[in-house]
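To start, the structure itself, in structure tokens.
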Amino acid sequence: MRYNNICRGHFLKRLNRFTARVEIDGLTETVHVKNTGRLRELLIPGADIILSRADNTERKTAYDLIAVYKPGLGLVNIDSQAPNHVVREWLSKQKFTLIRPEYTYGSSRLDFYMERGSERYLMEVKGCTLEVDGTGYFPDAPTERGIKHLHELSEASREGCRACIAFVIAMSGVDKVLPNIETSPEFGEALKEAEDAGVRVLYLPCIVEEDEINIDAEKAEEINGRIW
């Protein structure tokens, strides 16, 4: 996944879930934040950031905030649309005979349904941007939706579908994600129940650059073993 028209800036303050004030070339701009999560450990005053200028000149904000440099770690992509995008690109190289995004199962809409021969697969994608001491954690805020998705995946697995939850690690140097039980113990419990039901947990590390993010396929196979 590649971004066009990127530039560097400095973070000033967050106005609300969707907008922030930043400095670009000495000028103060209001920009769109492409992630509604808390991001408290990333969006701190003075942080170096990466922005992409929008193609739509009619927008209220001319820039999207897509990535942040975290001291001691490096660049973290915070674009909440990126995980599904890079997974879709990655899945297209996995020899599936069918890939269908936004698939309704039960009372949820899961990110991907795939087929390979007679095998059926369901996948839910979660982007991880929270890092502590070299380990990723999810979620960074309570998520009833994420818990519901795990319950649906568990049911699908019990019905014979190859179900998995894929954590897209949107930063370099982090290979694994643990449930953030301090923030959402319920998610941790649901994840354990899902694994007990046969749901596969995949860790998908990324190569993150200022204008690009892609799943590191070689490292993903090294971490997860044979994926499919």
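The values are calculated or read from the model by the stated rules, or taken from the named source; none is laboratory data. This structure is a prediction, so every number in the text was calculated from the model and none was measured. Virtual Cβ from ideal backbone geometry, glycine too; neighbours counted across all protein chains shown.
For the structure I just gave you, tell me whether GLY127 is within 19 Å of VAL86 (Cβ to Cβ), in the same structural domain as GLY106 (by TED's automatic domain parsing) and either over 17 Å from the mean Cα position of the chain (by Cα) or not in a helix (DSSP H, G or I) (or both). When the stated conditions are applied, GLY127 passes them. Among residues of segment 86-108 that are in the same structural domain as ASN214 (by TED's automatic domain parsing) and farther than 21 Å from ARG226 by Cβ, those with a beta-carbon under 7 Å from a residue that is of a type in the set (Gly, Ala, Ser) and modelled with pLDDT of 95 or more at least six positions away or on a different chain give the pairs TYR105/ALA156.
Considering GLY146, GLY136, the condition of being in contact with a helix residue (DSSP H, G or I) (Cβ under 9 Å, 6 or more places away or on another chain) and either under 25 Å from ILE207 (Cα atoms) or not in a strand (DSSP E or B) (or both) is satisfied by GLY146 alone.
Given the criteria over 16 Å from ARG2 (Cα atoms) and at pLDDT below 95, does ARG120 qualify?
Values: over 16 Å from ARG2 (Cα atoms): yes; at pLDDT below 95: no.
Spelling it out, it is not the case that ARG120 is over 16 Å from ARG2 (Cα atoms) and at pLDDT below 95.
Kindly provide the set of residues from segment 24-74 that are of a type in the set (S, T, N, Q) and touching a Ser or Thr at 6+ places or on another chain (Cβ under 8 Å), ordered by number. Of everything in segment 24-74, those that are of a type in the set (S, T, N, Q) and touching a Ser or Thr at 6+ places or on another chain (Cβ under 8 Å) turn out to be THR30, ASN35, THR36, THR61. Of all residues in segment 69-99, those that are within 25 Å of LEU42 (Cα to Cα) and in a loop (DSSP other than H, G, I, E, B) total 7. Answer with yes or no whether GLU102 is assigned to a strand (DSSP E or B) and at positive phi. Yes; evaluated as a whole, the condition is true for this residue.
A single member of LEU110, LEU12, LEU122 is touching a His at 6+ places or on another chain (Cβ under 9 Å) and not in a loop (DSSP other than H, G, I, E, B), and it is LEU110.
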